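Rule-based calculations on the coordinates, nothing more; no lab input. As the structure is a computational prediction, the values presented were derived from the model and not from experiment. As a convention, Cβ positions derive from the backbone with ideal geometry for all residues, glycine included, and neighbour counts pool all protein chains shown.
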Amino acid sequence: MLRGGGLLSRPCYPARPARAPAGEPMSKQPITPRDQDYSRWYLDVIAHADLVDSSPVRGCMVLKPHGYAVWEAIKDDLDARFKATGHVNAYFPLFIPQSFLSKEAEHVEGFAKECAVVTHHRLKATPDGVIPDPAAQLEEPLVVRPTSETIIWHMYGRWISSWRDLPLLINQWANVVRWEMRTRPFLRTAEFLWQEGHTAHATRTEAEEEAQRMLQVYRDFCWETLAVPVRTGVKTASERFAGAVDTYTIEGLMQNGWALQCGTSHFLGQNFARAFDVTFQNSDGDLEHVWATSWGVSTRLVGALIMTHSDDAGLVLPPRVAPIQIVIVPIYRADKRDMVMDFVGKVRGLLGRRFRVHVDDRDNMKPGAKYFEWERKGVPLRLEIGPRDVENSAVFSKLRTQDGKFGLDVDDGLADKVAEVLDGMQQALLDAAVARRDAATFEVDSYDALKAGLESQPGFYLVPWKDDADNEAAIKADCKATIRCYPLQGQDAAAGRTCFYSGEPATHMALFARAY
RNA sequence: CGGGGAGUGGCUCAGUCUGGUAGAGCGUCGGCUUUGGGAGCCGAGGGUCGCAGGUUCGAAUCCUGUCUCCCCGACCA
């Protein structure tokens with residue numbers, strides 16, 4: 001898609017790779033190498049893996065089956081973790097009365113600039129096409145939810161009256177809309193899918209514990225399932241969620257050394273309870289405002305996944321979230337077809353119950369072409385089965401992240417062996433990501449060192465810091481680095497040190513980085 | 001909203017300067033042949049050249065207007 005100055009021309013999410021020399025079939029077009037142009041590499045990987053397509057509406061993406069399947073795997077795993085911690089799912093409406101958004105002052109300020117607003121309920125045909133019918137204007141405009149705190153707290157006000165109604169632990173899986181100026185697939189889209197947990201508690205302590213508990217759930221999920229080694233921390237006031245008292249975050253570090261906020265968990269204090277007048281009678285008979293949390297992760301996690309593990313050959317998916325964990329590619333000449341396919345059926349039978357297996361039996365493609373396709377799509381393990389393998393009762397195997405192929409004996413605990421191989425890959429991906437992150441994490445104590453470091457070695461920069469929003473803004477304006485968080489671990493190190501920027505006594509250890 | 005660029009089959013583009021029957025590669029469809037790392041041959045379908053006016057015997061091409069998209073900046077899970 002070279003046009004103009006070599007820039008992407010179609011809407012943000014190319015169905016085809018960003019660069020397409022005329023005459024090259026898509027499958028042979030190279031994925032732009034990471035070290036050449038990281039953001040184009042990202043778009044190329046997504047295009048080659050067929051995860052999304054562009055939308056006629058700017059900033060929106062169509063999640064294609066393979067892309068949606070990755071989200072589904074994320075969703076299924078997280079949903080089980082939410083249930084295991086006592087939460088239940090519910091669903092709140094897409095539309096929020098406009099007036100609700102003005103009830104919590106900071107909340108308004110945070111979201112007002114990016115809300116889609118519905119003003120009419122009917123269209124009218126005109127010679128130039130349909131227009132909103134002027135006669136069908138809504139009395140009160142409706143806001144398409146940018147997040148659901150307001151509608152949920154409105155409802156909680158009706159549901160909560162006694163300490164016996166608490167805690168209320170509800171999650172919803174939903175879409176939200178934030179009218180962003182600039183978008184990138186998965187990382188920032190105008191509409192995205194996410195989950196938002198909203199809980200109500202009788203005490204401050206209980207709510208604070210909930211916010212931290214869910215942060216740990218996110219952390220564990222990222223490490224264990226996505227193999228994305230996120231850091232946990234607290235946001236500064238300027239990066240805090242609009243309306244929160246504290247915002248906790250999980251921050252990942254991508255291969256280009258930029259940080260990515262992967263999820264947040266907020267302690268909301270009594271802000272929303274006051275705004276929506278949600279009170280409960282405690283066991284002493286007194287009326288109190290409830291304490292709240294909210295927490296969410298979104299389809300942005302797919303972006304984190306892509307940018308953490310993928311390589312110049314395309315998408316790499318950890319086995320636990322791979323929609324297809326094993327692809328079987330049969331190889332045969334016409335006279336051997338039945339023999340090979342019978343054996344393929346046997347192997348599928350041995351593996352199909354424990355793994356997500358796909359048999360690629362298309363007969364208009366050569367095996368080699370299939371290999372490249374499934375590698376681009378990030379399938380962790382490929383089994384090649386030809387006449388020779390049938391005779392040996394074995395399969396020829398290739399792991400997405402390893403050079404070389406290896407044989408696996410079909411009659412001797414194949415499924416266990418495959419499980420071992422996939423677990424090994426899952427672990428290897430995490431180890432590699434941790435190693436990359438650690439190699440790109442630095443501790444400096446002067447601002448010059450931060451600025452120089454960000455240029456030569458982008459990454460996480462840990463510094464002693466005196467909490468100060470003005471200085472934070474000045475640094476952001478100067479070198480684009482922001483405080484990703486005050487890490488939960490290691491804050492003791494700030495004691496007795498001076499701020500790397502102001503020279504005043506440090507209050508925190510701060511993690512700086514350039515971020516998406 | 002400020003600055004830059006682009007709109008031609010599904011995709012990537014040529015053609016526009018210098019007006020004269022709308023093209024190529026890839027993909028798609030059909031047939032034959034092939035299959036242990038990106039197959040080959042033959043054939044077919046597919047575009048009112050973003051839109052609206054104008055100039056002209058004749059407009060993808062020239063003129064005017066307009067819309068949309070992309071990039072950089074301000075905003076952001």
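Some observations on this one:
- When shorter helices are ignored and each DSSP H run of at least 4 residues is given -39500 (n - 2.57), the per-residue value for chain A at 222 nm works out to -9500 deg cm²/dmol.
- DSSP-defined antiparallel bridges as percent of all bridges, segment A:327-410, nearest 5: 60
- Surrounding net charge for A:Q270, when Lys and Arg each add one and Asp and Glu each subtract one, Cβ distance under 9 Å: +1
- Charge tally for A:Y501 (other residues, Cβ to Cβ under 13 Å; Lys, Arg +1; Asp, Glu -1): -4.
- At R0 = 25 Å, FRET efficiency that the Cβ-Cβ distance of A:E420 and A:R388 yields, to 0.05: 0.55
- Remark: relative contact order (segment A:118-208) = 23 percent; criterion is Cα-Cα distance under 8 angstrom and separation of 6 or more residues.
- Beta bridges per DSSP, both residues in segment A:441-513: antiparallel share near 75 percent.
- In straight-distance terms, cross-link reach from A:K466 covers every one of the lysines whose alpha-carbon lies under 24 Å from its own, apart from those fewer than eight places away in the same chain; here that gives A:K235, A:K451, A:K476, A:K480.
- Counting only residues at least eight positions apart within a chain, or on another chain, the aspartates and glutamates with an alpha carbon under 14 Å from that of A:K377 are A:D44, A:D50, A:D311, A:D312, A:D360.
- 3J(HN,Hα) couplings calculated from phi for segment A:164-173 with the Karplus curve 6.51 cos²θ - 1.76 cosθ + 1.60 (θ = phi - 60°) are, in sequence order, 6, 7, 10, x, 10, 10, 10, 10, 9, 9 Hz; Gly and Pro show x.
- Nearby lysines by direct alpha-carbon distance to A:K417 (threshold 20 angstrom, same-chain neighbours under 8 apart not counted): A:K346, A:K398, A:K405
- Kirkwood-based shape ratio for chain A, expressed as Rg/Rh from alpha carbons: 1.01
- With the charge dipole of chain A set up from +1 on Lys and Arg Cβ and -1 on Asp and Glu Cβ about the Cα centre, the Cα lying farthest toward the positive end among the listed residues A:Q261, A:A506, A:L94 is that of A:L94.
- The charge dipole of chain A, taken about its Cα centre with unit charges on the Cβ atoms of Lys, Arg (+1), Asp and Glu (-1) only, comes to about 1660 debye.
- For the pair A:R497 and A:K405, the difference between a 0.36 nm per residue extended length and the Cα-Cα distance amounts to 27.8 nm.
- Check: segment A:319-432 dipole with +1 on Lys, Arg Cβ and -1 on Asp, Glu Cβ, in debye: 440
- For segment A:346-428, trypsin sites (Lys or Arg not before Pro) are listed when DSSP marks them as loop and at most 12 other Cβ atoms sit within 10 Å of their Cβ; the list is A:R353, A:R362.
- Computed label-point distance, nm, for sites A:A90 and A:R354 using a 7 Å Cα→Cβ extension: 4.2
- Placing unit charges on the Cβ atoms of the charged side chains and taking the dipole of chain A about its Cα centre, the candidate lying farthest along the positive direction among A:Q137, A:V228, A:A495 is A:Q137.
- Note on A:A452 and A:E206: their simple-model spin labels are 5.4 nm apart, each label 7 Å out from Cα toward Cβ.
- Amide proton proximity set for A:C485, modelled H, under 5 Å, gap of 5+: A:L511
- Database remark: amide H of A:V297 closer than 5 angstrom to the amide H of A:Q195 (H placed geometrically; neighbours at sequence offset of 5 or more, or on other chains; Pro and chain starts carry no H).
- For the peptides A:290-297, A:76-83, residues were scored by their other Cβ atoms within 10 Å and the scores averaged per peptide; the highest-first order is A:290-297, A:76-83.
- Within segment A:117-190, none of the chymotrypsin sites (Phe, Trp or Tyr not before Pro) combine a DSSP coil assignment with at most 12 other C-beta atoms in a 10 angstrom radius.
- Chain A, relative contact order in percent, only Cα pairs under 8 angstrom and at least six apart counted: 13
- Taking Lys and Arg as +1 and Asp and Glu as -1, the other residues whose beta-carbon sits under 12 Å from that of A:D133 total +2.
- Extension gain, A:D338 back to A:D286 (0.36 nm per residue minus Cα-Cα distance, nm): 10.9 nm
- Take every Cα pair under 8 Å whose residues are at least 6 apart in sequence, average their separation, divide by the length of segment A:67-308, and the relative contact order is 21 percent.
- Mean-position separation - Cα centroids, segment A:77-116 and segment A:455-516, in angstrom: 30
- Segment A:378-453, dipole about Cα centre (Lys/Arg Cβ +1, Asp/Glu Cβ -1), debye to the nearest 20: 380
- Per-peptide average of other Cβ atoms within 10 Å, ordering A:243-250, A:450-457 highest first: A:243-250, A:450-457
- At least 20 Å along the helix axis (C-alpha) and Kyte average at least 0.0, DSSP helices within chain A: A:337-351, A:414-439
- A Förster radius of 56 Å, combined with the Cβ-Cβ distance separating A:A135 from A:K346, puts the computed FRET efficiency at roughly 0.25.
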